[in-house]
Amino acid sequence: MGSPTRFLFFLYYYPPAMGTAAKRNFRIADAIAGKVSSAIIFTSSVLPGNFLQPANTVIRTIRAYDYRSLLRSKTKDGAIPETIKSNAPTQWAVRMINSFPLNIILGEGGLIYFLNLLRQGRRAIKEDHITHLYSSYRPFADHYAAYWLKKRNPQVIWIADFRDLMIDPYYMHIQSPGAHQAFFKKIFSKADLLTTVSDGLAKHLREYNGNVVTLRNGISGEFQSAVPSVLPFFIIAYTGSMFLDKRNAEPLFKALQELFQETELDPADIRIAYAGKDSRYWIALADRFRFESILEDHGIVHADVAKHIQQQACINILLTISSDHLQGVLTGKMIEYFESGSPVLGIVVGRNDTELQNMLHELEIGACFSDQPDEIEAIKAFILNEYKLWKSTGTNRKPVNTDILRQKYSTDAVMKPLLEKLNLSPLNP
């Protein structure tokens, strides 16, 4: 690759925005910016005094006028609770707003945001001599603006990142998926490279473009060995969202109920800690199992509070979904769980996920099981084993293999395939 190398990033989500999307975008931008001559980030985040700013980088806010900005003015995180999402009118509205062209006009970003990306992106490519353009989904507006700029400037190398699939077979949150599939294939066939969070998603993205790199979420900063905490209770924690019926915490409650009935666990020792936007789901589930006294509902919390909950947990619960059609739906919270060092119990809707299972086993941090009835005994055994260890020591356990974590999930490790693909390692002269 010639020198100098100059990147332009379209990142709707960027710190100080909350959530794993913003964290992923920052980690990738930071890793790339350190190896190029200069970088520019366009984002919808509106708190410039709190931006995390990589070296050699200018950050410009492109204001978004969309449904998400309206929700942020009324809620802590700009998200819709799953109890509201589940009704039929809301589901229809969600499918419409995720479908083209409404996903550009009314979806995340909105039409003004999209047009400003085009206008200011065109100017940056010309005046700042941009060589590489990076966009991240969601929202589609970032990718669609990058597509049009690539068409007008074919010499610019376009990298399109995906945290999720555009057409997800589980959520079906788009109208006319067949027509959209052909449309997206046309769009992303123009990209020079696609990146995504798992091998399972990469397999599906190759239907759009054969050049796909798995770029897992990683841990930034210095690695510190996780230290066990002295705890008065055996804490089982879940921090995150539920996503309709595509995540299922009920097997956890069933396993605990049976362990209580078998007198293997003392209910007075147990606490279920939840943090996220779906308190109604967890409160209703606790009420159904008569676990009201052991549920600690924290609601929506700051990222530092969520991290503390994960670190104090005796077990962190990881919820996802898998089937013969799609595997590798890896929640963004997973890397935070790894960093906490506490045991991870995965519960997978449908069938077990081989990719996730292999990751947990390799890190020696836990195991995952399907949500089917025949897996309840295995879930019980996992919980009971950790409970006995807590009971004998009074502390939570930190089984994560730190050497493997550093080798596989440090920023340098996860970014290596992309940097090698772009010939950005070492730094261009």
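Here, each number is a calculation from the coordinates, and none is a lab measurement. Computed from a prediction, not measured in an experiment: that's the story for all the values here. For neighbour counting, all protein chains shown are included, and Cβ atoms are generated from backbone atoms with ideal geometry for every residue, glycine included.
Per the Debye formula with a single identical scatterer at each Cα and no solvent contribution, what log10 I(q)/I(0) holds for segment 90-182 at q = 0.14, 0.15, 0.17, 0.23 Å⁻¹?
Normalising to I(0) and taking log10 leaves -0.54, -0.61, -0.75, -1.17.
For the chain, what does the convex hull of the Cα positions come to per residue, in cubic angstrom?
Details: hull volume 58.8 nm³, N = 429.
In the chain, the Cα convex hull volume per residue is 137 Å³.
For the chain, build the charge dipole from Cβ charges (+1 Lys, Arg; -1 Asp, Glu) around the Cα centre, then report which of Gln311, Met172, Thr61 sits farthest towards its positive end.
With unit charges placed on the Cβ atoms, the residue in question is Thr61.
Calculate how steeply helix 411-421 sits against the longest principal axis of the alpha-carbon atoms of the chain, using the helix alpha-carbon long axis, and give the answer as 0 to 90 degrees to the nearest 10.
For helix 411-421, the angle is close to 40 degrees.
Aspartates and glutamates within cross-link reach of Lys391: Cα-Cα under 14 Å, excluding same-chain residues under 8 positions apart?
Answer for Lys391, where 14 Å is the Cα cut-off: Glu264, Asp266, Asp269, listed by chain and number.
Just to confirm the number: angle between the C-alpha axis of helix 140-152 and the first principal axis of the chain, 0 to 90 degrees, nearest 10?
Its long axis makes an angle of about 30 degrees.
If each DSSP helix of 4+ residues adds -39,500 (n - 2.57) and the sum is divided by the residues in the chain, what number results at 222 nm, nearest 500 deg cm²/dmol?
Only helices count here, giving -12000 deg cm²/dmol.
Of Lys388/Lys408; Lys150/Lys408; Lys333/Lys380; Lys203/Lys398; Lys307/Lys398, which pairs sit farther than 25 Å apart, going by alpha carbon to alpha carbon? Kindly include the intermediate steps, with their values, before the conclusion.
Values: Lys388/Lys408 30 Å; Lys150/Lys408 33 Å; Lys333/Lys380 23 Å; Lys203/Lys398 33 Å; Lys307/Lys398 15 Å.
Pairs exceeding the cut-off: Lys388/Lys408; Lys150/Lys408; Lys203/Lys398.
Please tell me the relative contact order of the chain in percent, rounded to the nearest whole number, where contacts are Cα pairs under 8 Å and at least six residues apart.
This gives 15 percent for the chain.
What does the charge dipole of the chain about its Cα centre add up to, to the nearest 20 debye, if the Cβ of each Lys and Arg holds +1 and the Cβ of each Asp and Glu holds -1?
In debye, rounded to 20, the chain gives about 2120.
Can you classify segment 311-396 as rounded, prolate or oblate using the Cα gyration tensor, where a ≥ b ≥ c are the square roots of its eigenvalues, rounded means a/c under 1.5, and otherwise it's prolate if a/b beats b/c and oblate if not?
It is oblate, given that a/c is not under 1.5 and a/b is not larger than b/c.
For the Cα atoms of the chain, what angle does the longest principal axis make with the long axis of helix 303-312, in degrees from 0 to 90, nearest 10?
Here the helix axis deviates by roughly 30 degrees.
What shape does segment 161-207 have by the C-alpha gyration tensor, where a ≥ b ≥ c are the square roots of the eigenvalues, rounded means a/c under 1.5, and otherwise prolate means a/b greater than b/c and oblate the rest?
Values: a/c = 2.25, a/b = 1.17, b/c = 1.92.
Oblate.
Using Cα centres only, tell me the gap between segment 266-332 and segment 16-41 in whole Å.
29 Å
Between Ser225, Ala249, Leu419, whose Cα lies farthest towards the positive end of the dipole of the chain when Lys and Arg beta carbons carry +1 and Asp and Glu beta carbons carry -1, centred on the Cα centre?
Projecting each Cα onto the dipole axis, the largest value belongs to Leu419.
Using a Cα-Cα cut-off of under 24 Å, which lysines could be cross-linked to Lys151, ignoring same-chain neighbours fewer than 8 residues away?
Cross-link targets: Lys126, Lys185, Lys186, Lys190, Lys421.
Using alpha-carbon pairs under 8 Å, 6+ residues apart, how would you state the relative contact order of segment 170-273 in percent?
Numbers: 70 pairs, mean separation 23.1, N = 104.
Contact order relative to length: 22 percent.
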